[in-house]
Amino acid sequence: MIETRGLRHTYPGGSALQFDDVAVSQGDTLLLRGASGSGKSTWLALAAGLLTPQTGEMVVAGQPVAALGAGERDRWRARCIGFLPQKLLLSEALSVADNLALVYFASGLGVDRAAIARALDALGLGPLAARQPAQLSGGQAQRVALARALLLRPQVLLVDEPTASLDDAACTASLGWLQQGAAQTGATLVIATHDARVVQALPQARTLGFRAPVPEALA
Ligand code: ADP
Ligand code: MG
């Protein structure tokens, strides 16, 4: 579940980003739609507790994010939030399976190799477990990052511009895996995108529109 009220964020020296209120039920899909620079990635960072809004409230996975202290916030994020960033940030030095193992260190949990194998199998990645990221296609690498994001069965899966550099076939495949992965784990799926193909492909999804920021002098 996600709920926001009166959310507003200003970067130092930047314009005020204002976000419409939204409420999303557990398991639903929400699209954050708007042009580049309209604040979609900022909204995701707020939802993950990586940024704190100047004004407003945000409840994510049932948790008022602002109520968490710094250490609690990292643990909460690691366990309750799955993040699939635009830059996948896979470690090139580690195998696919060991990239997933890093999740357990970030969460203060013991490494569960069986759970890693299950998470990879669920997305058809079992045969790639021993590969290095350099030996994957772009689509496969994204799917590995998706498996990593879903490993601890987060309540919320936040995805930033998953289709920006994909052709039509890869775009369709990517959205299929995202929906399948979120459905398998029961996660609420949030996709930030300026790609009209995503909106067409997910007509049942809720949409939150983003506008250009208001210059500080007018805000
Ligand atoms: P989007 O994801 O929709 O492209 P962003 O959330 O990345 O939009 O950015 C919204 C606005 O905030 C833009 O004007 C951008 O330049 C600004 N911005 C983003 N990150 C920072 C930052 N770390 N410091 C200052 N300004 C930022
Ligand atoms: Mg962005």
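The values are calculated or read from the model by the stated rules, or taken from the named source; none is laboratory data. Bear in mind that the values here come from a model prediction, so they are computed numbers and not experimental data. As a convention, Cβ positions derive from the backbone with ideal geometry for all residues, glycine included, and neighbour counts pool all protein chains shown. Quick note on the areas: whole protein, heavy atoms, side chains included, nothing else; ligands and nucleic acids left out. Shrake-Rupley method; radii C 1.70, N 1.55, O 1.52, S 1.80 Å.
Does segment 150-158 contain any residue that is within 16 Å of ligand 2 (Cβ to nearest atom) and touching a helix residue (DSSP H, G or I) at 6+ places or on another chain (Cβ under 6 Å)?
yes
Residue by residue through segment 70-108, note down the ones that are of a type in the set (Gly, Ala, Ser) and either within 22 Å of THR42 (Cβ to Cβ) or within 16 Å of ligand 1 (Cβ to nearest atom) (or both).
Of all residues in segment 70-108, those of a type in the set (Gly, Ala, Ser) come to 70-71, 78, 82, 91, 93, 95, 97, 101, 106-108.
Passing the criteria: ALA70, ALA78, GLY82.
List pairs: first in segment 77-94 and without any contact (Cβ under 8 Å) to a residue 60 or more places away in the chain, second open to solvent by 50 Å² or more (accessible area, probe 1.4 Å) and part of a loop (DSSP other than H, G, I, E, B), Cβ under 7 Å, 6+ apart or cross-chain?
If the second residue must be open to solvent by 50 Å² or more (accessible area, probe 1.4 Å) and part of a loop (DSSP other than H, G, I, E, B), the pairs left are GLU92/GLN132.
Only one of (1) open to solvent by less than 20 Å² (accessible area, probe 1.4 Å); (2) more than 22 Å from CYS80 (Cα to Cα); (3) out of contact with any Cys (no Cβ under 8 Å at 6 or more places or on another chain); (4) not in a helix (DSSP H, G or I) fails for LEU158. Which number is that?
Status for LEU158: all satisfied but (2).
Go through segment 181-199 and give me each residue that's part of a strand (DSSP E or B) and in contact with an Asp or Glu (Cβ under 9 Å, 6 or more places away or on another chain). Before you say what the answer is, go through the steps one by one.
To start, the set of residues in segment 181-199 that are part of a strand (DSSP E or B) comprises 188-193.
Selection gives THR188, LEU189, ILE191, ALA192, THR193.
Among the numbered criteria (1) within 16 Å of ligand 1 (Cβ to nearest atom); (2) open to solvent by 40 Å² or more (accessible area, probe 1.4 Å), which one does VAL22 miss?
It fails just one condition, (2).
Restricting attention to segment 161-180, which residues are within 14 Å of the chain's Cα centre (by Cα) and either at pLDDT below 95 or not in a helix (DSSP H, G or I) (or both)?
GLU161, PRO162, THR163
Just to be sure before I move on: is ALA192 closer than 22 Å to SER36 by Cα, surrounded by 13 or more Cβ atoms within 10 Å (Cβ to Cβ) and either within 14 Å of ligand 1 (Cβ to nearest atom) or of a type in the set (Gly, Ala, Ser) (or both) in the structure I sent? It would help to see each step written out before you state the result.
Working: closer than 22 Å to SER36 by Cα: yes; surrounded by 13 or more Cβ atoms within 10 Å (Cβ to Cβ): yes; either within 14 Å of ligand 1 (Cβ to nearest atom) or of a type in the set (Gly, Ala, Ser) (or both): yes.
Against the criterion (closer than 22 Å to SER36 by Cα, surrounded by 13 or more Cβ atoms within 10 Å (Cβ to Cβ) and either within 14 Å of ligand 1 (Cβ to nearest atom) or of a type in the set (Gly, Ala, Ser) (or both)), ALA192 qualifies.
Filtering segment 38-97 down to residues that are closer than 27 Å to SER15 by Cα and of a type in the set (Ser, Thr, Tyr), which residue is nearest to ligand 2 (Cβ to nearest atom)?
Restricting to residues being closer than 27 Å to SER15 by Cα and of a type in the set (Ser, Thr, Tyr), the top hit is SER41.
Find the residue count for segment 43-58, including only residues that are open to solvent by 10 Å² or more (accessible area, probe 1.4 Å) and either within 12 Å of ligand 1 (Cβ to nearest atom) or closer than 12 Å to LEU208 by Cα (or both).
Initial filter on segment 43-58 (open to solvent by 10 Å² or more (accessible area, probe 1.4 Å)): 45, 50-58.
Subset that is either within 12 Å of ligand 1 (Cβ to nearest atom) or closer than 12 Å to LEU208 by Cα (or both): 45, 50-51.
Summing the residues that are open to solvent by 10 Å² or more (accessible area, probe 1.4 Å) and either within 12 Å of ligand 1 (Cβ to nearest atom) or closer than 12 Å to LEU208 by Cα (or both) in segment 43-58 gives 3.
Looking at (1) under 29 Å from LEU7 (Cα atoms); (2) open to solvent by 40 Å² or more (accessible area, probe 1.4 Å), which one does TRP177 not meet, given that it meets all the others?
(1)
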